[in-house]
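The values are calculated or read from the model by the stated rules, or taken from the named source; none is laboratory data. Quick caveat, the model's predicted, so the values are computed rather than measured. FYI the Cβ positions are ideal-geometry reconstructions off the backbone, even for glycines, and counts take in every protein chain you see. Protein only, heavy atoms only, side chains kept; ligands, DNA and RNA dropped before computing areas. Shrake-Rupley method; radii C 1.70, N 1.55, O 1.52, S 1.80 Å.
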Amino acid sequence: MAKAAKPKSLKATVTHLEMKRRPRATTPLPVNLHATLMKATDIPLHFYRYLQWQVGREWHWVTRLRLSDEKLSEIVHAKTTQIFVLSVEGAPAGFFEISELEDATVELVYFGLMEHVRRRGLGEWMLGQALSTAWSSTPARVIVSTNTLDHPAALPLYQKMGFEPVSQNGAIIRPLSDDEILTMVKSGSTSAG
């Protein structure tokens with residue numbers, strides 16, 4: 001049996017954005033949707049990896065999936081990290097993660113929806129909820145980064161909500177190999193169970 005080829009690295013342009021004042025209004029939850037947004041305290045690592053995989057695999061969110069349990073736990077269970085999970089009709093549908101940094105800065109580290117709930121008007125509503133949470137500690141600014149491999153609506157949505165680009169840089173993203181994906185599946189990291 002031939003060994004699977006490693007996936008080619010991808011080039012991306014990363015845009016760093018900031019917001020220096022709380023948005024004036026938030027978008028209401030779309031009608032006819034039963035959605036809940038709950039803070040995940042002490043999130044199990046397998047469930048966190050499931051969220052990362054389900055929300056970010058199409059956009060090459062690979063960094064957290066490659067971390068050891070110890071390193072991932074240090075990040076997601078830190079007192080400065082908050083993770084909120086979106087459920088629609090009782091099933092996981094997305095999440096956002098914010099982190100309090102030094103110098104009165106809050107970072108929106110991750111934000112996204114699973115494929116089955118996209119194009120239903122939830123993105124703008126959930127981003128508004130993420131920003132309300134980020135601004136609840138009255139920081140001097142809120143920051144976020146996105147790149148050209150992310151959902152094409154990400155950058156326009158961030159700007160619509162009040163973020164302004166402050167810098168850009170290049171990045172190389174190394175997609176997960178088949179062996180890495182197989183290892184995750186075997187360990188149960190991509191299943192909600």
Assuming a strict under-23 Å limit between Cα atoms, what lysine pair count do you get for the chain once near-sequence pairs (fewer than 8 apart, same chain) are dropped? 7
For helix 122-135, report the angle its Cα long axis makes with the longest principal axis of the Cα atoms of the chain; keep it between 0 and 90° and round to the nearest 10°. 70 degrees
Estimated FRET transfer efficiency when R0 is 41 angstrom, pair Thr13-His34 (beta carbons, to 0.05): 0.60
Per-residue ellipticity at 222 nm for the chain, helices alone: DSSP H runs ≥ 4 residues times -39500 (n - 2.57), over residue total, nearest 500 deg cm²/dmol? -8000 deg cm²/dmol
Go through the stretch 103-117 residue by residue and turn each phi into a ³J(HN,Hα) via Karplus (6.51, -1.76, 1.60, θ = phi - 60°); whole Hz please, and just put x for glycine and proline. 6, 6, 10, 10, 10, 7, 7, 9, 7, x, 10, 6, 4, 5, 10
Once all protein chains are kept in place, Phe96 shows an accessible area at probe 1.4 Å, nearest 10 Å², of 0 Å²
For the stretch 1-93 the GluC sites (Glu not before Pro) that pass both the DSSP coil test and the at-most-15 other-Cβ-within-10 Å test are Glu89
Would you rank Met38, Met19 by solvent-accessible area, highest first, keeping every protein chain in place and using a 1.4 Å probe? Met38, Met19
Phi-derived 3J(HN,Hα) across the stretch 158-175 with the Karplus relation (6.51, -1.76, 1.60, θ = phi - 60°), rounded Hz, x for Gly and Pro, is 4, 5, 4, 7, x, 6, 10, x, 10, 6, 9, 8, x, 8, 10, 10, 9, x
Would you mind checking the tilt of helix 178-187 against the longest principal axis of the Cα atoms of the chain, expressed as 0 to 90 degrees and rounded to 10? 80 degrees
Looking at the stretch 42-149, which trypsin sites (Lys or Arg not before Pro) are DSSP coil and have at most 12 other C-beta atoms within 10 Å of their C-beta? Lys79, Arg119
Leu37 neighbourhood, Cβ < 14 Å, K/R = +1, D/E = -1, net charge -2
Cα gyration tensor shape for the stretch 84-169, rounded if a/c is under 1.5, else prolate or oblate: oblate
Ignoring ligands, DNA and RNA, how do Ile172, Ile143 rank by accessible area with a 1.4 Å probe, largest first? Ile172, Ile143
With a 1.4 Å probe and all protein chains left in place, how much of the accessible area of the stretch 77-193 comes from carbon and sulfur atoms, in whole percent? 53 percent
Given a 1.4 Å probe, the accessible area of the chain per residue, as a whole number of Å², is 56 Å²
Each residue of the stretch 142-151 in order: what ³J(HN,Hα) in whole Hz does its phi give by Karplus 6.51 cos²θ - 1.76 cosθ + 1.60, θ = phi - 60°, with x for Gly and Pro? 10, 10, 8, 10, 9, 9, 6, 8, 6, 3
Give me, ordered by chain and number, the residues 5 or more places off Thr27 or on other chains with an amide H under 5 Å from its own placed amide H. Gly128
